[in-house]
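Report on the following structure.
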Amino acid sequence: MKHFSVKLIQILGTLSITFVLQAIPLNAQSVKPNSGESYLEQGINLSEQNEFVDAIEAYTQAIKLNPNNALAYYNRGLAFYHLRNHSAALADFNQTIQLKPDIAVAYKNRGLIFMYLEDYEGAIADFTQAAKLTPNDPNVYVGKGLATVLERNIAKAIPDFNRAIELNPNSAIAYFLRGGAFSELENRQAAVQDYQQAGRLYKKLENRTSFNRVMAIVRDLVPNCYPNCNRTADNDSIPTDTDLLAAARVSPLIANLSDRISFGEKILINQLDKPDKQAGVKAFAAGDFTTAASKFTAYLRQYPNDPEARIYLNNARIGNSKSHSIAVSVPINSLTANALEILRGVAQAQTETNRKVGIFGRGLKVAIADDHNNPEITRQLGSILGDNSNILGVVGPFSSDAALVAGEAYRKEQLVAISPTSTSVKLSNFSPYFFRTAPNDTIAAQALANYAVDRLQVKKAAVFFNSKSGYSESLKTEFLAAFSQRGGSIVTAIDLSNPNFNATKSLAIARQNGAEVIMLAPNTPMLDKALEVVNANRQKLPILAGDAVLQTKTRAIGGKNALGMVIASPWNSLDNSQSDFLRNARSLWGKEITWRTALAYDATQALITATENNSTRIGVKQALSALDFSANGASGKVKFLPSGDRIADVELVKLVSSPRNQYGSNFVPLPR
C-alpha cells in the first residue's frame, strides 16, 4: 500500500497518542493500606511517572487480592502496551472485557493491539463495539477506518473517516488517513485535499514531524507542483490548493488500468464474489465460454439482481461469434450502489437485444470499466477503451466532473459517450462526441424554483452545495438564476465540503437570514452531509433537492425528517408503471427500479439504435446527431438536441409516508 505499509508503526504510534492511553484512576475514596485498592492506586501513580515495570508489579498485587478487579487488569494492560508487550496487553484487555463488557476504552485499546498483531478483523470488531458504546468518540472511527484499510477493504473505510471528521473537524490523523485511503483508491485530487488539511492542522499543532511527513507524501503525489511547492513547504507554509490541484491534473499514467476493464474475464464488484461467479470468470478467461455461461447461469439463479454477472453471461453466450461491442464506465468501488443501478439498465438493454436477433444478427457485447468516479482515471480509461477498435460507444461517465475531464479523450478517439447521470450545464455543447439522457441542471432548477414560488409561495432560500463538485455548483448557479427571475433571492449559500461544516449551526444562520426554504444541491459523495441538514431541520423549513438526493439512503437515514421533501427527478417508476421497460425490469431484477437504471437503459438503447444505422464510430456519432434520430427508451423516445442534451423534462416527486414500503416512505410524483 502506497502510504500505509511502510509507515504502519508510525501511524499506530500516532493513533495511540490520539487515543491518550492513560490509566483509569480510582474513584475518590479512602483506601486501606495493603488492600487491592492501595496497590491499584500505587500502580496508577507509577504509570503516571512512566515507571511501567514497577506499575505492573503493583497491578499484579492488586489482582492477587481481588481477581475480579477489571480496573487493575485494564491499567496493567496499558502498562504492558507502553512496554511494547502486546501479547500480555491483549490478555489483560481480554480479561477486562470479560469482567466488565461495557468499558468502551477497553475495546478501543484492544483494537489498537489487534492492529499491531495484524488481526485486522478483530480490530474492526472491537472498534465497532466501542462505537456502539461511545458513538460520539471520533477516535473509534479513526481506528476502525485504519483497520479496514489494512484489511484491504479501502473503499469501506471512507465512511468511518468521514464520521471521525464530522465529529472532530480538527482531527489531523483522520484527514491524514483518509488522504491515504483516497490515494490507494487512485483518487489523487481528493487525496491531495485531505493531505493539505492534515498539513494545516499539524502546523497549527506545531507538530513539525507530522507536517514534514505530509508534505513528503504530497511531493510524491504531485511531483509537477515542485520545486515551487518545495519552496513553499520549506518555508513552513502549505502549498495552495490551486497550485496542487492544477499540478495533479498533469498526471502520469495510472498503473494497471487494464485491470479495471472486463468483458467477463475478471470480477470487478468485489462484494459480489461467489464460487459460481468465480468459476464463470475463470472459464471465460480461458476461452471456455460454454462452461462460463453455465456457471454464470447457476450463479444468477441465486443472485438474480447482479448486473455484472448478467452482462458476463450475455457476453459468454456470444463467445467468439461476430458481435458489436460497447462499454459502460461506472464508479464500481467508490459508489457501488449507483454503479449497480446503471449496470442494471445496460444489462437489461443488452439482454433484450440479444434475446431478439441482436443488431442485424450480431450479438451485443458489453465491457465494464471501473472509473472510480475519478476524473483522471476516467480520462485514461477513455483512451484505453478507444484503443479497442471493436468498441463503438460508451455509456457514462457517472459525474459531470469526470465527463468534463474525460471528454477530450473520447473526442480524440472519436468514441461517443452517452452519460445517463451527468447534468452540469457546462456539458451542453461540450463535445460532438458527448450526449446525455438526463435533463440538464437548468431544467431541474427551473422546476424547483417555480415550485418554491408558485406552490410554497416563498422568496428566500438557503442553498447547501459542494464547491468542489461541478454538478453541485451547476445546480446551485442555475437555481439562483431561476429563483431570481421569479423574484426570489438566496440569503445563504453554505458549502458542505467545508471541513468545519456543522448542520445545526448552518441552519441557525439560514433562519437568522430569513430563509423560508432549503435547497439541497449536494453531489452523491456529499449526500451524508445533506442528510445531516435534513435531520437537523426536523421539518421546520420545506426542503427542495436535486436528483443526487434520490437515493435509498435518503429514506433510510432521513426517516420522518425527510418526509415532504420535493426533488427534481429525471424519471419515476410510478409515472411509468405500465411500461414494457418497467415490467421487464421488475422481472429481471426483482427490486425497486431507479431513475439511474432507466436512463442507463435509455443510453444503451440509443447506442444500439445508432449502431443499427451505421456500425462504425463515426457512423454512430452521425446517427445520434441527426435531427430525426429516435430510440425507444424507458419512458418514451430518446432524442437529442444539437447540444447533446436530451429533449426531455423533469418531474417533481415528493417523499411521502408509505407504511407498506420497507423504508416507510416513497417518492411520489406531484400533480403536473
How many angstrom lie between the C-alpha centres of segment 609-641 and segment 493-564? 39
With the charge dipole of the chain built from beta-carbon charges (+1 for Lys and Arg, -1 for Asp and Glu) about the Cα centre, the Cα from Ile368, Gly43, Leu456 projecting farthest to the positive end belongs to Leu456
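Please tell me which of these pairs span more than 32 angstrom C-alpha to C-alpha: Lys132/Lys266; Lys266/Lys356; Lys412/Lys639; Lys274/Lys591; Lys426/Lys459; Lys144/Lys468? Don't skip to the end; give the middle numbers.
Values: Lys132/Lys266 37 Å; Lys266/Lys356 27 Å; Lys412/Lys639 24 Å; Lys274/Lys591 21 Å; Lys426/Lys459 27 Å; Lys144/Lys468 27 Å.
As for pairs spanning more than 32 Å Cα to Cα, those are Lys132/Lys266.
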In Å², and per residue, what accessible area does the chain have when probed at 1.4 Å with the other protein chains present? 41
Linear extension gain, Thr291 paired with Leu65, 0.36 nm per residue minus alpha-carbon span: 74.6 nm
Kindly rank 534-543, 378-387, 603-612 from highest to lowest mean number of other beta carbons found within 10 Å of each residue. 603-612, 378-387, 534-543
Treating the beta-carbon of each Lys and Arg as +1 and of each Asp and Glu as -1, no other charges, what is the dipole magnitude of the chain about its Cα centre, to the nearest 20 debye? 1460
Kirkwood Rh and Cα-based Rg: tell me the resulting Rg over Rh for segment 312-410, rounded to two decimals. 0.99
Rounding to the nearest 10 and keeping the result within 0 to 90°, find how far the Cα-based axis of helix 208-221 lies from the longest principal axis of the chain. 20
Between segment 362-424 and segment 157-191, what is the separation of their alpha carbon centroids in Å? 28
Contour minus Cα-Cα distance for Arg672 and Gln578 (0.36 nm per residue): 32.0 nm
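Would you mind putting 521-528, 65-72 in packing order, based on average other-beta-carbon counts within 10 Å, highest first?
Ranking, from highest mean packing down: 521-528, 65-72.
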Per the 1/(1 + (r/R0)^6) rule, R0 = 25 Å and r from the Cβ atoms of Ser484 and Asn661, FRET efficiency to 0.05 is 0.10
Taking N as the number of residues in segment 394-506, what is its alpha-carbon radius of gyration divided by 2.2 N^0.38 Å? 1.22
Give the span of segment 41-199's Cα atoms along each principal axis, as three whole-Å numbers ordered largest to smallest. 57, 28, 26
Taking only C-alpha pairs under 8 Å that are 6+ residues apart, what is the relative contact order of segment 582-630 in percent? 22
Calculate what fraction, in whole %, of the accessible area of the chain sits on carbon and sulfur atoms when a 1.4 Å probe is rolled over the protein chains. 47
Need one number for segment 452-527: average projected area of the convex hull over its C-alpha atoms, nm². 4.9
Normalised Cα Rg of the chain, dividing by 2.2 N^0.38 Å with N its residue count, works out at 1.07
Karplus-derived 3J(HN,Hα), 6.51/-1.76/1.60, for each residue of segment 325-330, Hz, glycine and proline x: 10, 10, 10, 10, 10, 9
Give the calculated FRET efficiency between Arg586 and Thr616 to the nearest 0.05, with a Förster radius of 30 Å applied to their Cβ-Cβ distance. 0.25
How far is helix 104-116 tilted off the main Cα axis of the chain, in degrees rounded to 10, range 0 to 90? 80
Peptide ranges 83-96, 341-354, 177-190 listed from the most packed, as the mean C-beta count within 10 angstrom indicates: 341-354, 177-190, 83-96
Would you mind checking the tilt of helix 503-512 against the longest principal axis of the Cα atoms of the chain, expressed as 0 to 90 degrees and rounded to 10? 70
Once you place label points 7 Å from the Cα toward the Cβ at Glu121 and Gln278, how far apart are they in nm? 1.4
Note on segment 32-107: the mean projected area of its alpha-carbon convex hull, in nm², is 4.5
Taking the alpha-carbon centre of each part, the distance from segment 74-130 to segment 425-472 in Å is 50
By the scheme Lys and Arg +1, Asp and Glu -1, what is the net charge of all other residues having a beta-carbon under 13 Å from that of Leu541? +3
Would you work out if segment 591-672 is rounded, prolate or oblate? Take a ≥ b ≥ c from the square roots of the eigenvalues of the alpha-carbon gyration tensor; rounded if a/c is under 1.5, else prolate when a/b is larger than b/c, oblate otherwise. prolate
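The values are calculated or read from the model by the stated rules, or taken from the named source; none is laboratory data. The shown structure was predicted, so the numbers you read here are calculated from the model rather than taken from an experiment. FYI the Cβ positions are ideal-geometry reconstructions off the backbone, even for glycines, and counts take in every protein chain you see. Please note that ligands, DNA and RNA were not included when accessible areas were found on the heavy atoms of the full protein model with its side chains. Shrake-Rupley method; radii C 1.70, N 1.55, O 1.52, S 1.80 Å.
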